[in-house]
Amino acid sequence: MGGAGGTDRNCGLYQFNPIPKNADLLLVLDRSASMEDPIGASGTPSKWSVVIPTLKSVVTATDSSVLWGMKSFPEGSGSACVASSVTSAIDVQVAAMNAKAVTDAIAATTDAGNGTPTGDAINAAVTYLKSLPDSNPKYIVLATDGEPSCAAITSGDTNSTDSRNYAVTAVTNAKTAGFPTFVIGIATTKASEEATLNAMAMAGGEVPAGATNPLAPQFYSATDTATLTAALDSITGQISSCLFPLTTPPPVPNDPTKLGVYLGTGSNMIKIPPDPNKADGWAYTDTNDTAVEVYGSWCTMLQAAGAGAVQIIYGCMMIDVP
């Protein structure tokens, strides 16, 4: 057992640390000029001064578990709600071990955009994510400080109701296309802003785990560095995959007594029960045993602990796993 077990899976036990299937995460960052407003009373830090270092810190910390990319909006510094406000340009392409590229782009971004064309930014994100060839699960994280101020930029429509509906429709379409959206509200205070962010968050399908009260915010509310960090940690934890490809199949096919999945390391390992119903435990994803997926509360615990806390042990024909 352990490192001394070697790689001969036909005699004894073979233990290894599996590598989860990671997720692609595209940060859609609002850089409108209102991000320069103070978070609270006059003299407090600006929204932007809180957002930038926090994003950089969390992106760096999750470099090995998330394939990050970034798109900022609105683009340029021209008129609001015009075609050039949102293009197909992506600040940083989604890629593995991409933290430095993303944090450099975040640091170079200024909060000097005119207008908030949220709906078109989400539409552009969807078009980009559809173009990615990998099979990873894909998500959007929208970080914004208020309501959209533009409906379709090709129409120049700035009606507030139209802009709100257009953004909610864009997030709905993103979810339908297979790209759920997490919505982070940066120091929002107006009831109308919170109502819009709630609608987008519910349309995106990724409300905070604790948002069981329908009167509570359904988006991730961030009012300072601590709450923004907590929101981002929660989001990146949730998208941490509980799917673990097996580089080689176990020596005894389709026998849960010959494979063990564990949370923790060393003497602190807790065995996760097999569950063929895929409700609360682990199961093979196919009859060829090419991967293991963990479900239910066990997946939640793995996400909180991080992929490095997962161990898989192979048994043999005459040896069950411990």
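Out of all the residues in the range 186-202, which are among the polar types (S, T, N, Q) and either under 15 Å from D30 (Cβ atoms) or in contact (Cβ under 8 Å) with a residue 12 or more places away in the chain (or both)?
As a first pass, look at the range 186-202 and keep what is among the polar types (S, T, N, Q): 188-189, 192, 196, 198.
Correct list: T188, S192, T196, N198.
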* Asked: Under 9 Å by Cβ, and 6 or more places apart or on different chains, what pairs join a residue from the range 93-107 that is in contact (Cβ under 8 Å) with a residue 60 or more places away in the chain and in the same structural domain as D63 (by TED's automatic domain parsing) with one that is among the hydroxyl-bearing types (S, T, Y) and not in a helix (DSSP H, G or I)?
  -> A96/S64; I106/S72
* Looking only at residues in the range 158-190 that are in a helix (DSSP H, G or I) and among the polar types (S, T, N, Q), which one is surrounded by the fewest Cβ atoms within 10 Å (Cβ to Cβ)? -> T161
* Right, G296: farther than 29 Å from P208 by Cβ and either surrounded by fewer than 17 Cβ atoms within 10 Å (Cβ to Cβ) or not β-branched (V, I, T) (or both) or not? -> no
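Inside the range 261-281, can you point out the residues that are part of a loop (DSSP other than H, G, I, E, B) and of a type in the set (S, T, N, Q)?
Result: T265, N277.
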* **L259 vs. criteria in contact (Cβ under 8 Å) with a residue 60 or more places away in the chain, among the hydrophobic types (A, V, I, L, M, F, W, C) and over 30 Å from P53 (Cα atoms)** => yes
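The values are calculated or read from the model by the stated rules, or taken from the named source; none is laboratory data. These figures come from a predicted structure and were not determined experimentally. Please note: Cβ atoms are built from the backbone with ideal geometry, for glycine as well, and neighbour counts cover all protein chains shown.
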